[in-house]
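Any read-out appearing in this document is the output of simple, stated calculations on the displayed coordinates, not a laboratory observation. Not measured: the values here are computed from a predicted model. Positions of Cβ are backbone-derived with ideal geometry, glycine not excepted, and every protein chain shown enters the neighbour counts.
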Amino acid sequence: MSQRTGTKLLTADETATVRALLGLPLPREVAVPEADVAEPAAPAQATKDNRHAWKQAHPTQGERDAFAAELRAALTAAIAAKEDSIHRKENARVIDLGSLLPAAAAAKEVVDEYFAEWIGNALLPADLAAIRRNFTFTVDGDSPTIVSMVDAVTRRRLGRMAEPANMVDYLMSTEVVRALAAKHSFHYQNGTLDEKAFYQKSVVEPFVAEHGEALIRYEAHEMSMSDPNTARIFITPWVLDWAADESEVKSAAVAAKKWDTFVLLIHEYIHVLQHPLLPTATKRSVVVREGFCEYLAVKVTRHVGAFSAGKIQDLNLRITGQDHHWPSHTWLPNYSPTADYAPFVERVTETIRTVGENAIYAAFFQGHTELLGTAVNHAGKRYPMPPVTALPGGTRRLPFPVTSGRRGYDWISRGTGIPAAKFAALNIDADLDQADDFVPDGMDLQITVPGFRAHRILRVADDVGETWEQIARQNGTTVDELMRINNPDDNIPSVNDLQLEWVLVRDI
Ligand SMILES: [Zn+2]
């Protein structure tokens, strides 16, 4: 099976669509401040990337101040909306986190198993690979992997104190505030420099100054989080409705908390498996971070929902330590994204219509973000993928692949079996003379090779790149076939010298 089925490199139009849906950074020429904002504006929807719409709609300081006040009021309301919930938690019983370990271990196991093929073929730096290999959920010792959100001592020791400014970012993504920002065509993330400065000075700083304490309290009570670099998860310990005289094993509320923790940790543990190139390539887009994670978490949770009754019974016993309270029959099979993440998951689902579902898996687990139109370059910086050209008739061109020996193009016919005359005719408008020289990233010379796609050889550090075995398994082929196609003359450079270049694979 090829893990690339249904994926492709994106055209300019597709790149813009995906960029808007996933909240990826704007191209530089769009992000710089406009010289003259008074110039008559094109309607916001006329181009997907017209993000000057906000400035154009709020040309005076007075209008911008009024909008800032409206945003801050919406943020205040978002905090107030959770007040009842926070208050209930402050008065609820707390469960020992150790009692949640069986649920945590079960969550890890189902996630590892469900995504084994993707995780198993991913390139990782050795230290991160070791962290993941040795990872277990534990609440003990110097380096617990499950920590209570309200354990300030441990959080301080681990350097994971609440950041009020980050909480403002989070609240900006909640439904009402987001709708208000959208109504005003305002981008608090990945927008123009004007938007960024306004957001910082007129929203974040005054709001944190006024509501710092409330933000910290909200974070501790309403959030959970995980740190993909250390594989550590922070969760809340309260069990609402756990009666004072009820034992842990008798309590339906405790059983429900353990199942909720199982489902929550499916999401949080998936964060742990995120590829290290993803945040850089997508500039930490929250749609990518939470939307991809929750999209994948829903898949796993519904998969558990399809387990046989016997398997669910075993799992219930393992997670809750009892056999009289069960999860409802409909909850797991119909599991839907949590309210906070549902809008992100919708965007991911919409994105899939353009990029194919496998692109989400390939980007998230393996770092192949070029399938989303963005990547990381040799310097470890974000690199907006130049688009590929689609020819009339729908065929799309490929970036020029590394050559057999990195020179010329005659080898392509020998490697692919496409007759030389046919290859020349298909590429009559491509400047194949360029191929006689080194083609830096292959994107400025694009060619037509029917029946083939291009694979970008990833790297995560100097000299740490994908192996031929990983490339073969990701593309549903063998190293032998990769060599037959890309190395017909038996003089290909070593795979380490080919990082961030392209090789040809059969398009299956
Ligand atoms: Zn998350």
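The HN-Hα couplings worked out from phi for segment 196-207 by the Karplus form 6.51 cos²θ - 1.76 cosθ + 1.60 (θ = phi - 60°) are 4, 5, 4, 4, 5, 6, 9, 10, 4, 4, x, 5 Hz, whole numbers, x standing for Gly and Pro. With contributions of -39500 (n - 2.57) from each DSSP H run of at least four residues, the per-residue ellipticity at 222 nm computed over the chain stands at -13000 deg cm²/dmol. Peptide packing: for 79-89, 345-355, the average count of neighbouring Cβ atoms within 10 Å per residue gives the ranking 345-355, 79-89, highest mean first. Using alpha carbons only, how many angstrom separate the centre of segment 266-282 from the centre of segment 323-384? Going from one Cα centre to the other spans 10 Å. Here the scattering of the chain is modelled by Debye summation over its C-alpha atoms, one equal scatterer each and no solvent; at q = 0.13 Å⁻¹ the log10 of I(q)/I(0) is -1.29. Sorting the segments 190-198, 427-435, 459-467 by their mean number of nearby beta carbons within 10 angstrom, highest to lowest, gives 190-198, 459-467, 427-435.
Volume per residue of the convex hull around the Cα atoms, evaluated for segment 388-506, comes out as 101 Å³. Counting other Cβ atoms within 10 Å as a rough exposure proxy, the listed residues Ser224, Ser99, Ser328 run Ser328, Ser224, Ser99 from fewest neighbours to most.
Shown for Lys201, Lys299, Lys250: other C-beta atoms within 10 Å of each C-beta, ranked fewest to most, produce the order Lys201, Lys250, Lys299.
Say the dipole of the chain comes from +1 at the beta carbon of Lys and Arg and -1 at that of Asp and Glu; which of Gly310, Leu124, Met149 then lies farthest toward its positive end? Checking the options against the dipole of the chain, the answer is Gly310.
Couplings 3J(HN,Hα) of segment 248-260, computed from phi: 4, 7, 7, 7, 5, 5, 5, 4, 5, 4, 5, 5, 4 Hz, in residue order, whole Hz [Karplus 6.51 cos²θ - 1.76 cosθ + 1.60, θ = phi - 60°; x for Gly and Pro].
Considering only alpha-carbon pairs that sit under 8 angstrom and 6 or more positions apart, the relative contact order computed for the chain is 21 percent.
Relative contact order of segment 388-506, taken over Cα pairs closer than 8 Å and 6 or more residues apart, is 37 percent.
Protection proxy ranking for 271-280, 305-314, 475-484, using the average of other Cβ atoms within 10 Å per residue and placing the highest first: 271-280, 475-484, 305-314.
Counting other Cβ atoms within 10 Å as a rough exposure proxy, the listed residues Ile131, Ile270, Ile492 run Ile131, Ile492, Ile270 from fewest neighbours to most. So how far, in whole Å, is the C-alpha centre of segment 229-246 from the one of segment 121-151? Centre-to-centre (Cα) distance: 19 Å.
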